[in-house]
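Note sheet for the following structure.
Derivation of every value follows stated rules applied to the coordinates shown; laboratory data play no part. Treat the numbers as computed from the prediction; the structure is a model and nothing was measured. Counting neighbours? That spans all protein chains shown, and the Cβs are built from the backbone with ideal geometry, glycine included.
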Amino acid sequence: MESMTVLADAAENLHPARMQMALSLGWHIIFSCFGIALPLITVFTEWRGHKRANPALSGLAHTWAKAMGVLFAAGAVSGTLLSFEMGILWPGLMDRFGEIYGFPFVLEGYAFFIEAIFVGIYLFGWNRMSPRAHMLSAVPMIISGMAGAFFVVAANAWMNNPTGFRLDAEGNVVDARPWAAMFGPSTWPQTVHMMLAAYMVTGYAVASVYAIGMLRGRRDHHHRFGLLIPLTLAAVMTPIQIGVGDWIANTVAENQPAKLAAMEGLYRTESGVALSLGGLYYDNDLHYALQVPDGLSLLIHHDPSGVVEGLEDFPADERPPVNVVHLAYNVMVGLGSALMLLALVLAWVWWRRRRIPASPWFLRAVAVSGVAAIAALECGWITTEVGRQPWIVYGILRTADAVSPAPGLFLGFYGVAAVYLVLTVLTVIVLRRLARSHDTPAPQEVDATPPDRHSEEVAVR
Amino acid sequence: MTLAEVVLGIMFVGLLAYGLFGGADFGAGIWDLLAGGTRRGARQRELIEHSLGPVWEANHVWLIFVLVVLWTGFSGAFASVVSTMYIPLTLAAFGMIARGAAFAFRKSITTLPMRRFLGAAFALSSLITPYFLGAVVGGVASGRVPLGIAAGDVVTSWINPTSVLGGVMAVLVCAYLAAVFLCADARREGADDLADAFRIRALVAAGVTGVAGLAGLLVLRSDAPLLWEGLTGRALGVIALSVAAGVAAVVFLIRQRYGSARIASALAVAAILVGWAVAQYPYILLPEVTIEEAAVGRTTLVAMLVALLAGAAILVPALIYLFRLFQRTQPDRMPSDTAVDSEAVY
């Protein structure tokens with residue numbers, strides 16, 4: 001009787017808990033990207049500003065440093081919620097695998113702590129430290145941002161390919177080797193993919209702000225540099241990312257064939273498999289898709305007659321939801337290709353003419369590239385997370401068995417949704433204000449503004 | 001000392017740091033709430049904002065540190081506590097989000113209604129977050145969290161006499177610490193009148209906290225007999241130290257020796273937390289799960305110890321540098337009364 005109600009609660013909690021986690025992580029992942037990449041872009045611009053004694057560059061760097069402060073604060077609070085949710089929503093995962101899965105988070109805790117400290121130093125030290133000391137203070141921030149991303153994604157890679165432990169007859173973890181567990185087969189492709197994604201999201205998103213300004217007729221140094229520096233970084237990362245995409249697809253094919261089959265909407269195991277774009281999956285088949293003959297076999301095996309495993313090889317209750325995964329994957333690849341085209345146009349014009357492409361269509365494309373990069377990021381993340389279902393630890397622990405059976409847990413989802421709605425609106429308001437008037441202080445700053453700040457602010461309005 | 005105890009001990013250092021730094025941070029928010037109307041409270045709020053500034057994020061990362069060490073080193077106990085206590089923990093997390101966001105964004109927003117909204121969110125969440133965290137501690141300390149996922153009662157585990165005591169004490173201690181800390185900050189910024197105002201608050205808060213603490217012992221005797229036994233037995237020395245440090249802090253406050261008062265008050269608060277740990281030892285979940293039983297495998301504990309020590313070797317100097325940079329460099333003195341006038345333009 002007792003256990004019946006517990007199971008009923010767990011079943012009731014599963015979907016809302018997944019939605020709550022998706023919402024919290026989907027929100028946090030955007031802000032972590034800026035935490036990883038914005039420090040590098042900012043300090044590079046600061047360095048160029050000092051080197052060329054160019055006030056436009058220095059001003060740009062200061063604006064970005066402040067935006068970094070706001071985005072970092074938003075990322076920090078959303079990250080705190082996540083560390084609670086890990087236990088609140090998925091105690092079955094933490095209870096059984098905490099000693100392996102939790103370990104990278106200990107390291108991440110340090111990385112984040114150090115980043116928080118140096119974000120504080122960097123913002124507080126603006127105009128208070130020598131340029132050299134100030135730029136040096138950004139180095140730990142850049143390194144710890146990347147390290148933090150590595151540890152978190154390594155934990156996620158472990159969920160995809162659990163290694164570094166044995167299970168005894170009762171299914172208990174024995175012989176846990178937490179260091180080894182951090183370096184499973186998915187770790188490097190996934191972490192590199194994520195870090196490049198962070199630089200792309202940040203680069204395109206920052207550039208898109210200045211593209212909008214230029215479309216409104218502002219063509220000063222401030223806007224040109226503001227567009228060019230982040231866009232160049234993002235454009236350089238884009239082709240590398242496409243190569244890494246191939247690497248990660250092969251890793252998935254090898255280690256998580258069910259996920260790959262869902263990504264491609266493939267039911268039958270065959271040789272010479274076509275690459276399917278779009279379409280709807282029902283009745284064990286993908287309908288209305290655009291087919292590229294032998295495409296998938298070529299991509300996975302670099303051989304047109306290679307055999308690719310389909311979903312028919314897996315029991316029905318071990319298949320991920322196909323439509324979500326397939327479409328999310330297609331959208332990610334599609335957006336990535338569109339960004340690649342943008343990068344090529346920039347590279348071509350810069351190579352031939354040494355200037356930003358003049359066409360308003362180029363600026364319009366850059367203006368939407370930020371949103372496109374964020375959408376690609378979310379789609380990629382949906383692909384890997386939903387594609388792992390129904391497992392939370394691939395092949396070992398089902399998500400349904402990890403969710404907390406606590407009564408009433410599902411109500412938390414509505415609370416989180418409301419909180420994030422308010423948080424999103426506030427972040428957008430503050431960033432817009434920051435874009436409009438450059439004297440807006442960042443949260444970590446202590447009145448770095450001149451004493452006549454109040455009169456200035458009145459003048460701005 | 002066993003390996004598990006060493007790892008848990010390091011976690012506890014993080015918890016102490018969170019209690020002191022994070023606690024003072026929450027307390028500053030509570031005084032922000034009580035600072036009065038927009039005009040009258042403006043200078044106090046400005047001092048509070050000055051004092052938190054670049055360190056507030058660092059102050060709160062301690063909690064994440066505590067959580068990750070617990071879930072990795074003591075996974076089963078962690079899962080038990082968090083799944084049983086999910087309601088107060090979710091509410092505390094919401095409080096942290098509201099607080100962090102409001103504090104971060106308040107500075108960048110200049111319209112008065114928005115500022116008031118964010119200010120209220122900051123101050124109110126400063127009150128509720130420590131309350132819920134204290135209630136969780138009360139529930140664990142009174143043995144209301146059994147081992148097992150959501151095995152405890154999700155309501156009475158945090159709505160009970162010891163949890164109420166824990167929550168109220170957490171709020172009082174935060175307010176007390178903040179008032180003492182702000183005295184020294186106000187003096188350093190040359191605002192002696194504010195230092196006096198916070199000195200009175202610190203003294204009142206010290207009195208109220210002391211009385212509540214003593215009255216609370218009676219609550220523990222009936223509601224949490226095991227904890228009571230430990231506090232009045234093995235932990236008696238630590239509790240005596242807390243009382244002595246608390247009295248010393250009052251003396252220092254009366255004599256306006258704010259630096260010494262800061263140390264004494266921190267010691268008094270730290271001793272309360274240490275007293276709780278000593279009283280509960282060797283159990284991690286009263287009344288039956290010991291630290292040894294809850295600990296994970298040896299390789300993970302060793303890996304954690306290596307990571308924790310190596311991490312601390314990088315972290316601690318960086319943290320000291322941040323605090324020193326911040327405490328040393330105060331080029332802008334507190335704006336005097338003219339700031340209040342310009343505040344009116346918002």
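Using only the C-alpha atoms, the convex hull of the stretch B:93-249 corresponds to 141 Å³ per residue.
Using every pair of separate Cα atoms, the Kirkwood estimate puts the hydrodynamic radius of the stretch B:74-122 at 12.4 angstrom.
Shape summary of the stretch A:92-191, radius of gyration then Dmax from alpha carbon positions: 17.7, 63 Å. Helices in chain A that qualify as membrane-span-like (whole DSSP H runs, Cα extent of at least 24 Å along the helix axis, mean Kyte-Doolittle hydropathy of -0.5 or higher) are A:2-51, A:55-89, A:103-124, A:138-160, A:187-215, A:221-255, A:322-353, A:360-388, A:411-436.
Here the stretch B:8-324 is treated as a Stokes sphere of Kirkwood radius computed over C-alpha pairs; at 4 °C and 1.567 mPa s its diffusion coefficient rounds to 64 µm²/s. Dimensions of the stretch A:292-400 based on its C-alpha atoms, expressed as ranges along the principal axes with the largest first, amount to 57, 36, 19 Å. Screening chain B for whole DSSP H helices of 30 Å or more along their axis (Cα) with average Kyte-Doolittle hydropathy at least -0.5 returns B:112-141, B:161-188, B:192-223, B:258-280, B:298-328. Gyration tensor over the Cα atoms of the stretch A:41-138: the corresponding equivalent ellipsoid has semi-axes (square roots of 5 times the eigenvalues, largest first) of 37, 13, 10 Å.
Dividing the convex hull volume of the alpha-carbon atoms in the stretch A:241-283 by its residue count gives 93 Å³ per residue.
The dipole here belongs to the protein assembly as shown: it is taken about the Cα centre, uses +1 on the Cβ of Lys and Arg and -1 on the Cβ of Asp and Glu, and is about 3540 debye. Over the protein assembly as shown, the hull volume per residue, using the convex hull of the C-alpha atoms, is 159 Å³.
Charged side chains reduced to their Cβ positions (Lys and Arg at +1, Asp and Glu at -1) give the stretch B:8-324 a dipole of some 880 debye around its Cα centre. Taken residue by residue and averaged, Cβ atoms of other chains lying within 10 Å of the Cβ of A:406-416 number 4.
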